[in-house]
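Let me begin by presenting the structure, written as structure tokens, before commenting on it.
The values are calculated or read from the model by the stated rules, or taken from the named source; none is laboratory data. These numbers come from a predicted model, not from an experiment. Glycine also receives a Cβ, built like all others from the backbone with ideal geometry; neighbour counts cover every protein chain displayed. All accessible areas refer to the heavy atoms of the entire protein, side chains included, with ligands and DNA or RNA removed. Shrake-Rupley method; radii C 1.70, N 1.55, O 1.52, S 1.80 Å.
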Amino acid sequence: MSEQLIVPVMADVVAQGKQPEYLFWVGSAGSFDDRAKKITRAFVKILNKANVDFAVLGIEESSSGDAAKRAGNEFLFQMQAVTNIEVLNAYEVKKIVTCCPHSYNTLKNEYPELGGKYEVFHHTQFIQQLISAGKIKVANNTFKGKKVTFHDPCYLGRANGVYEAPRDLLNFLGVNTTEMKRHKSTSLCCGAGGAQMFKDAEPGDKEINVLRTEDALATQPEIIATGCPFCNTMLTDGVKVKEQEANVQVLDVAELIAASL
Amino acid sequence: MQYIDNILFVVLLIGAGWFFAKNVKTLIRNIKLGQDVDRTDNTSERWKNMVKIALGQGKMTRRPVSGLLHIVVYVGFIIINIEVLEIIIDGVFGTHRVFQPLLGNGIYGFLIGVFEVFAFMVLVAVIVFWIRRNVIKIKRFWKDEMKGWPKADANWILYFEMVLMSLFLIMNATDVHFQALNHGNVISQFIAPLFSGLSEATQHLIETSAWWLHIIGIFIFLNYLYYSKHLHILLAFPNTFFANLKPKGQFTNDANVTKEVMLMMDPDADPYAMPEEGADEVLAKFGASDVTDLNWVQLLNAYTCTECGRCTSSCPANLTGKKLSPRKIMMDTRDRLEEVGKNMDANNGVFNDDGKNLFDWITKEEIWACTSCNACVEECPVNIDPLSIITEMRRYLVMEESAAPQELNNMMQNVENNGAPWPYNQMDRLNWVKE
Ligand code: SF4
Ligand code: SF4
């Protein structure tokens, strides 16, 4: 992607005496992981198109602490949280949007007790609002009729009960969605949560991401859609293991929308 | 001699009640070994959950077949217990079908008719349950943790219910007067012909025997509960009431850690300050290595677990052959808690260090296999939270023992040094804009 993106940085915007309405929390994956960076860029494209007044923290952003917390390192988590909260509160941030369900969950649920109270949105919820408010128009011919299945990220679905927002977005695109046998509250984890992303799995007879990819492939999709950078990595790897990468793409819902603007 | 039956009955009744009360006391003492946690907020929502999930079996039908069968057994169990009330009154006062004249043949017959239908349906449901476990061998009933006692326990209960229901129907079938009335013998009229060749005296003997066996069976059942997964028929109610109401993704923020972190972040705090006079000098412990480090709701969870395995059969780790089984986490917690309780009983109510802890039951391998996906929590029909126990044990391993897998240590070091779980430079956080 060589499109010119407009990405205001909080420190600069505030220095000009302005207060952005939204903070876009990019997250560590969204900042550093090659695949996730594409999702980040796709989402910014949407933000720009809708003229959303936002900024990112840039080099002032640090790990949300989610991975540390799930791994049991409460110290490290709370140190990260308190440090981030200091920065966010100094900028008087009120509303946060993020593409990562893990950041979404911890910012929304676990930060308030430590002094960070914000209104937090997952990007699928946010995009849904933009569309409902008429801020962006989605062309429904780019992916029309494509066979799509949606994988619910655990930290968006079961953890926070958000099942409809991403599905509504798929509806706007006019794609042909088929649910997997395990979906919504019975969805199967991609295998990355709980800090598993950063370690090898314990001995077993299969990798979790392969099992989940099999669930998805059983719907014979052309696109596996999801809303989490970690799920994306896990399922992309799963599709490779199953040697289906020529037929099946793994894409974030934001990427589908961005390509249909 | 006339009153010997009544006296025998009252003795049995009091004995059963006393034994039951004793078990309940032990149960409450053991649960109270857990740490404090406040679950008194939002009582209206808590009542609602209890009514919906425990009383209304709201989560059972997530698995339609076993869910519907369970509802039959559950409703039957409650309804037939109304009949037990009559049995107890008859037993104590030596009456026979005391409600019959009170209610009139019409209403009484209708009620007994309903009981008979339920008894029959329960019998059928229980037989199907037995077949699912022992003939079809549904996978979740045959996992490692179900060997030995848990498997026997499950079958015992099924046999028990089969016998109790049959006794109830036989009792009615051999009650010659009741059959003659032809009110309410909906099912038993088909059993009666089996006995019709016998003399009235013999039939009466069978009826009385069935009556006694039925009520003795119920007394035994009541006192068997404490030793069985069937404790859930009582504990499902408090368990759903006290369950977590927050979003499932919200883990607790360890308050001991918060205290220390705030101290570290506070520029005015003197790190070398002596603890204040009278301040709690016991060093706070992080996470859980034994049942007494868990909170009392987690311990209540352990006693409530029905060992149904719905959690395990939806656990991604277990589905892919890992050792982790959320059901086993709950069973191990309960078994360890029982061990601690027995230790206390043997030592005048004081726990005598036995050199063991929860990690003798649950291995690190199990603890580290969890993806924190919440599938187990979602599936549990009585709102048990195995994930919260796994999390507390991870906290202990990491913060007290520094015993995380090496790759996780690397990840945490990265977070500490460069604010990301990977070894990237914080200064490169915005590079994605230019790519
Ligand atoms: S939260 Fe952990 S134990 Fe529970 S189902 Fe998911 S992986 Fe299994
Ligand atoms: S924790 Fe819940 S779902 Fe799992 S076995 Fe026990 S009762 Fe069943």
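Of the residues making up segment A:87-109, those that are in a helix (DSSP H, G or I) and either at the interface with another protein chain (Cβ under 8 Å from one of its Cβ atoms) or under 24 Å from A:ASP33 (Cβ atoms) (or both) are A:VAL87, A:LEU88, A:PRO101, A:HIS102, A:SER103, A:TYR104, A:ASN105, A:THR106, A:LEU107, A:LYS108, A:ASN109. Taking B:VAL128, is it among the aliphatic types (A, V, I, L, M), in a helix (DSSP H, G or I) and more than 22 Å from the chain's Cα centre (by Cα)? So B:VAL128 does not fit the description; no.
Going by the structure shown, is B:ILE53 of a type outside the set (S, T, N, Q), in contact with a Pro (Cβ under 9 Å, 6 or more places away or on another chain) and either loosely packed, with under 14 Cβ neighbours inside 10 Å or outside the structural domain of B:LEU231 (by TED's automatic domain parsing) (or both)? Against the criterion (of a type outside the set (S, T, N, Q), in contact with a Pro (Cβ under 9 Å, 6 or more places away or on another chain) and either loosely packed, with under 14 Cβ neighbours inside 10 Å or outside the structural domain of B:LEU231 (by TED's automatic domain parsing) (or both)), B:ILE53 qualifies.
All conditions but one from (1) facing chain A (nearest Cβ under 10 Å); (2) open to solvent by 10 Å² or more (accessible area, probe 1.4 Å); (3) without any contact (Cβ under 8 Å) to a residue 40 or more places away in the chain apply to B:GLU392; the one that does not is (3). For B:LEU387, the criteria (1) away from chain A (no Cβ under 14 Å); (2) part of a helix (DSSP H, G or I) hold in every case but one, which is (1).
Cβ separations smaller than 8 Å between residues 6+ apart or across chains give no pair from segment A:209-225 residues that are within 20 Å of A:GLN196 (Cα to Cα) and acidic (Asp, Glu) to residues that are outside any loop (DSSP other than H, G, I, E, B) and modelled with pLDDT under 95. For segment A:43-51, the condition holds for at least one residue, the condition being that it is open to solvent by 30 Å² or more (accessible area, probe 1.4 Å) and not polar (S, T, N, Q). Given the criteria β-branched (Val, Ile, Thr), in contact with a helix residue (DSSP H, G or I) (Cβ under 9 Å, 6 or more places away or on another chain) and open to solvent by 20 Å² or more (accessible area, probe 1.4 Å), does B:ILE215 qualify? No: the conditions fail for B:ILE215.
Name the residue, out of A:ALA50, A:ALA36, that is in contact (Cβ under 8 Å) with a residue 12 or more places away in the chain and within 11 Å of another protein chain (Cβ to nearest Cβ).
A:ALA36
Quick one: in segment B:231-251, which of the residues that are surrounded by fewer than 19 Cβ atoms within 10 Å (Cβ to Cβ) and at pLDDT 95 or above is nearest to the other protein chains (Cβ to nearest Cβ)? Here the answer is B:GLN250. Within the option set B:ASP345, B:ASP335, being farther than 30 Å from A:GLU202 by Cα, more than 16 Å from ligand 1 (Cβ to nearest atom) and either facing chain A (nearest Cβ under 10 Å) or open to solvent by 20 Å² or more (accessible area, probe 1.4 Å) (or both) holds for one residue only, B:ASP345. Considering B:GLU416, B:GLU365, B:GLU407, B:GLU378, the condition of being within 16 Å of ligand 2 (Cβ to nearest atom), open to solvent by 10 Å² or more (accessible area, probe 1.4 Å) and at the interface with chain A (Cβ under 9 Å from one of its Cβ atoms) is satisfied by B:GLU378 alone. Among the residues of segment A:187-199, those identified as touching an Asp or Glu at 6+ places or on another chain (Cβ under 8 Å) and at the interface with chain B (Cβ under 7 Å from one of its Cβ atoms) are A:LEU188, A:GLY191, A:PHE198, A:LYS199. A:THR149 meets the stated requirement of being open to solvent by less than 70 Å² (accessible area, probe 1.4 Å) and in contact with a strand residue (DSSP E or B) (Cβ under 9 Å, 6 or more places away or on another chain). Whenever a residue of segment B:291-313 is outside the structural domain of B:CYS380 (by TED's automatic domain parsing), it has no partner that is open to solvent by less than 20 Å² (accessible area, probe 1.4 Å) and within 7 Å of ligand 2 (Cβ to nearest atom) lying with C-beta atoms less than 8 angstrom away and at least six residues away or across chains. Taking segment A:181-261 and the helices (runs of 4 or more DSSP H) fully enclosed by it, the elements with 3 or more residues that are more than 26 Å from B:GLY249 (Cα to Cα) and open to solvent by less than 20 Å² (accessible area, probe 1.4 Å) are at A:253-258. For A:ILE6, the conditions (1) open to solvent by 10 Å² or more (accessible area, probe 1.4 Å); (2) under 22 Å from B:ASN418 (Cα atoms); (3) within 11 Å of another protein chain (Cβ to nearest Cβ) are fulfilled apart from (2).
Rundown of residues vs (1) open to solvent by 30 Å² or more (accessible area, probe 1.4 Å); (2) hydrophobic (A, V, I, L, M, F, W, C), yes/no style:
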| site | (1), (2) |
| --- | --- |
| B:LEU111 | yes, yes |
| B:VAL114 | yes, yes |
| B:PHE120 | yes, yes |
| B:TRP130 | yes, yes |
| B:LYS147 | yes, no |
| B:GLU161 | no, no |
| B:THR174 | no, no |
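Restricting segment B:309-327 to residues that are within 9 Å of ligand 2 (Cβ to nearest atom) and assigned to a helix (DSSP H, G or I), the residue that is nearest to the other protein chains (Cβ to nearest Cβ) is B:SER314.
Filtered by the rule that a residue be open to solvent by less than 10 Å² (accessible area, probe 1.4 Å) and away from ligand 1 (no atom under 16 Å from the Cβ), segment B:301-332 gives B:TYR303, B:THR304.
When A:ASP152 is tested against (1) within 12 Å of chain B (Cβ to nearest Cβ); (2) over 25 Å from A:ALA67 (Cα atoms), exactly one condition is not met: (2). Within segment B:94-101, is there a residue that is of a type in the set (A, V, I, L, M, F, W, C) and farther than 30 Å from B:ASP335 by Cβ? Yes. Filtered by the rule that a residue be open to solvent by 50 Å² or more (accessible area, probe 1.4 Å) and either assigned to a helix (DSSP H, G or I) or touching a strand residue (DSSP E or B) at 6+ places or on another chain (Cβ under 6 Å) (or both), segment B:254-268 gives B:ALA255, B:LYS259, B:GLU260, B:MET262, B:LEU263, B:MET264, B:MET265.
With respect to (1) in contact (Cβ under 8 Å) with a residue 40 or more places away in the chain; (2) surrounded by fewer than 22 Cβ atoms within 10 Å (Cβ to Cβ); (3) not in a loop (DSSP other than H, G, I, E, B), the lone exception for A:LEU23 is condition (2). So which of B:ASP280, B:ASP290 is surrounded by 11 or more Cβ atoms within 10 Å (Cβ to Cβ) and either away from ligand 2 (no atom under 12 Å from the Cβ) or modelled with pLDDT under 95 (or both)? The conditions single out B:ASP290.
Hey, could you check segment B:176-197 for residues that are open to solvent by 20 Å² or more (accessible area, probe 1.4 Å) and touching a Leu at 6+ places or on another chain (Cβ under 9 Å) and say which is nearest to B:GLU116 (Cα to Cα)? The qualifying residue nearest to B:GLU116 (Cα to Cα) is B:ILE187.
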